[in-house]
1. Looking only at residues that are within 18 Å of P466 (Cα to Cα) and outside any loop (DSSP other than H, G, I, E, B) in region 392-424, which one is least open to solvent (accessible area, probe 1.4 Å)?
2. When you look at L452, is it in a loop (DSSP other than H, G, I, E, B) and either open to solvent by less than 30 Å² (accessible area, probe 1.4 Å) or polar (S, T, N, Q) (or both), yes or no?
3. Could you check, for region 144-162, whether at least one of its residues is modelled with pLDDT of 95 or more, within 19 Å of L219 (Cβ to Cβ), open to solvent by 50 Å² or more (accessible area, probe 1.4 Å) and in a loop (DSSP other than H, G, I, E, B)?
4. Right, D180: in contact (Cβ under 8 Å) with a residue 60 or more places away in the chain, open to solvent by 10 Å² or more (accessible area, probe 1.4 Å) and within 18 Å of Q113 (Cα to Cα) or not?
5. Which one is farthest from S297 (Cα to Cα) among residues in region 239-257 that are polar (S, T, N, Q) and crowded, with 17+ Cβ neighbours inside 10 Å?
6. From the list L186, L193, exactly one residue is open to solvent by less than 10 Å² (accessible area, probe 1.4 Å), under 27 Å from V102 (Cα atoms) and in contact (Cβ under 8 Å) with a residue 12 or more places away in the chain. Which is it?
7. Filter region 105-134 for residues that are charged (D, E, K, R) and out of contact with any helix residue (DSSP H, G or I) (no Cβ under 8 Å at 6 or more places or on another chain) and give the result.
8. E350 - would you say it is touching a strand residue (DSSP E or B) at 6+ places or on another chain (Cβ under 8 Å), over 22 Å from Y433 (Cα atoms) and either surrounded by fewer than 22 Cβ atoms within 10 Å (Cβ to Cβ) or not aromatic (F, W, Y) (or both)?
Amino acid sequence: MVELHQQSGANTVDTHDSRAGSPVLKNNSSQISPEIGIHEEPKEEIFLPVQITDRIFFVNLANKQQTAIPSQIFKLKDVEELHLEKNMIQCIPGDICHLRNVKVLYLNKNNIQDICEELGELKSLQSLDLSSNPLSSRSLPIISKLRALRQLRLYSVNLDECPAQICKSLHHLELLGLSDNNLSRLPKEIVNLTKLREIYLQKNRFESFPQELYHLFNLEIIDLEQNMVSFIPEEFASLTNLVQLFLASNSLSTVPNSLHLCQRLAVLDVSHNFLQKLPPSFKELTKMEEIGLSGNSLAKVPRQICHWTSLCVVYLKNTGLQMLPPSFIQLNGIKVLNLSENLLDEFPKEICAMKNLEMLSLDDNQLCEIPPTVAELSHLKCLGLTGNKFSIFPEEIFLLESLERLYLGQDEGIKLTTLPAGISKLQNLKELYLENNCLEFLPPTIGLLATLEVLDCHNNLLADLPDSICQMQGLQKLLVQNNQLFQLPENLDSLQKMQLILLDGNPMTDPPLEVFCRGNLAIWEYLREKRHRKALAITIQALWRGQMVRRGLGPFAEIQKMMKKAKKDKKAKEKEKPKGKGKKK
């Protein structure tokens, strides 16, 4: 099943953090957190950057399996950004005070328990990340000495309360990250953070919206996802600069009518609550770009959102929809639309008018066919149709020439038995998912999908794979577990980009079970040796046959005799011919 979302990330728990860029709504998706500017490397000797000039400003020692900060670091007086995250550092030494020019310090994902007093002497420090450390609460007030701090991340540090001293002193703070802790309230001193623009409180224990936030008029992003908030008072209207509000996975049955006064609001996620409708005044939120309503018992699309002509991302997954309203056609700027897990028995015609649509999920509905007008979605790159009621492969899909990802697996119900040869028309396809069907073969034309990177056909009835699959030089992942395969195409190892091949659950004999259990390299080596042995056998056989023919022995001797006899007969006939005849008179 396709999940339509942007997997944003930072190297913290919070996926909306500004370090990850512009957030996009997420819906029950796994969160991938790529490190920004950090490269994963194996353990090796610590080395410092090549000193091109007399001064070093940036040092990256992330993920080096270090148990302590290398002492050489403290000699770099001019360093401004220092990455030490994802190590096993247990303490911050007092020598940290020598880094008087450091502005950005990442120490997240280590084993630090106590913060040394000397850390408070870093007067230039503007961004500090201590997330995912077993910090003791008694040393946290030291952070309050960092008066220049603008960004503070304390995700997943087992906080029971936010230190009041930090809120009292850090007047320049613009971002405060407190997600994945045990907070149920905020200190009243937080109102001193008048410059605060972003606050992340995801995965805590709030039962009500923190009223202290109503006094922070510069707030632009509030993330309160995955708490227990059941009510938001009308005072919320005071946050007129709010741009992004994340309230998914709480216990809300209503949202405040006054929210429409937050005229800058562009992103709202209230997925997985208990909402049945939206306030009528919401139609005035004309700058809305992204809305998440998944997992609410709406039964129909709220009419208010059809007034949001700037909308580009819409999540209406599992909301009980049976149809789309005619006014939905006005939202022709939508790029991402998730309508999965609903009750749609016809492909909504309103969708075909969305010329800018790039990602569409209609998984787990009751669709039986696709209209030819789907060809109008000329920018569609991702289409999810898993778990519907197609009796045959819907060939109208082949009209979507821009398609890059196609999901047509079947967890239950009607199974597809054939994949049409026309699949080769999707020349931009990168990922094809056909799991849990009843396919007995793949058409040879599948080898023409030169850009395909992922082919997932697990849980089918495939007895073999076409040799043409060896032409797919872009293929990186081949998932064919739980089929009826006995052997692999002999040239499969020519696929140089292949990273993963899964074959378990097949009655494999070539290569044998013990080979493919050892992974790709063993399979590739087996195929190369097999091909080498075959080529060697052909060469030896050809040499042997040649010798047998020349000696008049072996199965080709009779052919040689017949050729000699034919030559003899020809010469005899030529001798029997008269040597010459006179001319007629």
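The values are calculated or read from the model by the stated rules, or taken from the named source; none is laboratory data. Worth saying up front: this structure is predicted, and the values here are computed from it rather than measured. When we count neighbours, we look across all protein chains shown, and the Cβ atoms used for this are built from the backbone with ideal geometry, even at glycine. Surface areas here come from the heavy atoms of the whole protein model, side chains and all, with no ligands, DNA or RNA. Shrake-Rupley method; radii C 1.70, N 1.55, O 1.52, S 1.80 Å.
1. Let us first name the residues in region 392-424 that are within 18 Å of P466 (Cα to Cα), namely 417-424.
If we keep only those that are outside any loop (DSSP other than H, G, I, E, B) too, we end up with 421-424.
Working: A421: 55, G422: 17, I423: 0, S424: 25 Å².
Here the residue is I423.
2. Numbers: in a loop (DSSP other than H, G, I, E, B): yes; either open to solvent by less than 30 Å² (accessible area, probe 1.4 Å) or polar (S, T, N, Q) (or both): yes.
For L452, the condition - in a loop (DSSP other than H, G, I, E, B) and either open to solvent by less than 30 Å² (accessible area, probe 1.4 Å) or polar (S, T, N, Q) (or both) - is met.
3. Scanning region 144-162 turns up at least one residue that is modelled with pLDDT of 95 or more, within 19 Å of L219 (Cβ to Cβ), open to solvent by 50 Å² or more (accessible area, probe 1.4 Å) and in a loop (DSSP other than H, G, I, E, B).
4. Working: in contact (Cβ under 8 Å) with a residue 60 or more places away in the chain: yes; open to solvent by 10 Å² or more (accessible area, probe 1.4 Å): yes; within 18 Å of Q113 (Cα to Cα): yes.
It is true that D180 is in contact (Cβ under 8 Å) with a residue 60 or more places away in the chain, open to solvent by 10 Å² or more (accessible area, probe 1.4 Å) and within 18 Å of Q113 (Cα to Cα).
5. Narrowing region 239-257 to residues polar (S, T, N, Q): 240-241, 244, 249-251, 253-254, 257.
Keeping just the survivors that are crowded, with 17+ Cβ neighbours inside 10 Å gives 244, 249-250.
On the way: Q244: 23, S249: 14, N250: 14 Å.
Here the residue is Q244.
6. On the way: L186 fails: under 27 Å from V102 (Cα atoms).
Among L186, L193, only L193 is open to solvent by less than 10 Å² (accessible area, probe 1.4 Å), under 27 Å from V102 (Cα atoms) and in contact (Cβ under 8 Å) with a residue 12 or more places away in the chain.
7. The initial filter retains those residues of region 105-134 that are charged (D, E, K, R), namely 109, 114, 117-118, 121, 123, 129.
Residues satisfying the conditions are K109, K123, D129.
8. No: the conditions fail for E350.
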